[in-house]
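All remarks here apply to the structure that follows.
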Amino acid sequence: TDPSLTFQLLSTAHFAAVAHSQQRRKSPSSPAYVQHPLHVAALLASPASSLHPNPPVEVLQAAMLHDVIEDTETTVQELRERFGDVVTNIVLECSDDKSLSKEARKQAQIDHSPHKSDEAKHVKLADKLSNLTDLMSAKGRPAGWSVQRIQEYFVWSKRVTDSCKHVNPGLGEKLDEIYRSGTFEL
Ligand code: NDP
Ligand code: ZN
């Protein structure tokens, strides 16, 4: 194992944990938010991913950092100084424009995802796979979500990931299994 690679990955995980330390996921047990970006990176490195067994370190770093611009005080400049342009640009590609309404942000993800870099597409796929996995279990999903709201999320998510899945057929297949089964715990 390359010691500098190990250091890069672990220090990125540490940075994400600190950045998200005040945030919780929206499910009844309010788990630490950082479990989600770590899950996204783990999915990309997993045997199910087409990046396995040699996922690019920048993609794994961007996965761990994919929500820090959108959801924390972290600045783009801080990210550039700490992690460089390659990682930072992938994170920016995966960040919603918060000046838009929620409705417009959802539409922008559908419209922009076909034009993103392959690296950002990998992160997008794993991000949706992580969120859908949470949504499928009653304990994992946000409290109070109706069946209709869950179904709408699945439909929207499919529209985003269908234009990305060609870069990672392995995770694409995992997503398609979820969309095909169309079932979730009530
Ligand atoms: P979202 O639908 O965007 O919430 C899902 C997002 O929350 C995920 O993409 C994920 O984003 C994050 N998240 C945090 N915790 C969890 C978890 N446990 N499981 C899954 N995802 C989690 O919610 P908003 O409140 O932003 O609403 C946006 C849109 O939802 C509205 O524009 C509207 O279209 C729709 N809506 C539908 C309703 C209905 O009843 N049908 C009611 C209200 C809204 P990340 O990866 O960034 O953390
Ligand atoms: Zn996310």
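The values are calculated or read from the model by the stated rules, or taken from the named source; none is laboratory data. Since this is a predicted model, take the numbers as computed values, not measurements. Using ideal geometry, Cβ is built from the backbone for each residue, glycine included, and neighbour counts are taken over all protein chains shown. Ligands, DNA and RNA are excluded from the accessible area calculation, which covers all protein heavy atoms including side chains. Shrake-Rupley method; radii C 1.70, N 1.55, O 1.52, S 1.80 Å.
Restricting to the stretch 1-21, name every residue that is small (Gly, Ala, Ser), more than 20 Å from PRO56 (Cβ to Cβ) and open to solvent by 60 Å² or more (accessible area, probe 1.4 Å). Full working, then the answer.
Looking only at the stretch 1-21, we keep the residues that are small (Gly, Ala, Ser), and these are 4, 11, 13, 16-17, 19, 21.
Narrowing further to those that are more than 20 Å from PRO56 (Cβ to Cβ): 17, 19, 21.
Hits for the stretch 1-21: nothing passes.
Residue-by-condition table, conditions (1) open to solvent by 70 Å² or more (accessible area, probe 1.4 Å); (2) of a type in the set (A, V, I, L, M):
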| position | (1), (2) |
| --- | --- |
| SER27 | no, no |
| HIS36 | no, no |
| ASN54 | yes, no |
| VAL57 | no, yes |
| GLY84 | no, no |
| SER95 | no, no |
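Can you run down the residue pairs with Cβ atoms below 6 Å, 6 or more apart or on separate chains, where the first is in the stretch 74-87 and farther than 16 Å from LEU5 by Cβ and the partner is surrounded by 12 or more Cβ atoms within 10 Å (Cβ to Cβ) and not aromatic (Phe, Trp, Tyr)?
THR74/ALA19; THR74/VAL68; LEU79/THR88; ARG80/THR88
Spot the failing condition for GLU119; the list is (1) under 25 Å from LYS174 (Cβ atoms); (2) among the acidic types (Asp, Glu); (3) without any contact (Cβ under 8 Å) to a residue 24 or more places away in the chain, and only one is missed.
So the condition that GLU119 fails would be (3).
I want to confirm something. Restricting to the stretch 65-82 and keeping residues that are within 15 Å of ligand 1 (Cβ to nearest atom) and among the hydrophobic types (A, V, I, L, M, F, W, C), which single residue is most open to solvent (accessible area, probe 1.4 Å)? Don't jump to the end; show me each part of the working.
Initially, the stretch 65-82 is screened for residues within 15 Å of ligand 1 (Cβ to nearest atom), giving 65-72, 74.
Next, only the ones that are among the hydrophobic types (A, V, I, L, M, F, W, C) stay: 65, 68-69.
Numbers: LEU65: 0, VAL68: 0, ILE69: 40 Å².
By that ranking, first place goes to ILE69.
Which residues, taken from the stretch 38-52, are within 14 Å of ligand 2 (Cβ to nearest atom), free of Cβ contacts under 8 Å to residues at least 60 places away in the same chain and open to solvent by less than 60 Å² (accessible area, probe 1.4 Å)? Outline the logic, then answer.
Kept after step one, since they are within 14 Å of ligand 2 (Cβ to nearest atom), are these residues of the stretch 38-52: 38-44.
Now drop any that are not free of Cβ contacts under 8 Å to residues at least 60 places away in the same chain, which leaves 38, 42.
Of everything in the stretch 38-52, just one residue is within 14 Å of ligand 2 (Cβ to nearest atom), free of Cβ contacts under 8 Å to residues at least 60 places away in the same chain and open to solvent by less than 60 Å² (accessible area, probe 1.4 Å), namely ALA42.
Could you check the stretch 62-113 for helices (runs of 4 or more DSSP H) lying wholly inside it with 3 or more residues that are under 17 Å from GLN8 (Cα atoms)? Give the derivation first.
Values: elements: 68-71, 76-93, 102-112.
Hits in the stretch 62-113: 76-93.
Any residue in the stretch 19-36 that is part of a loop (DSSP other than H, G, I, E, B) sitting within a Cβ distance under 6 Å of a residue that is open to solvent by 30 Å² or more (accessible area, probe 1.4 Å)? List the pairs, counting only those 6 or more apart or interchain.
Pairs found: PRO28/ALA143; SER30/ARG24; PRO31/ARG25; TYR33/GLN23; TYR33/ARG24; TYR33/ARG25; VAL34/ALA17.
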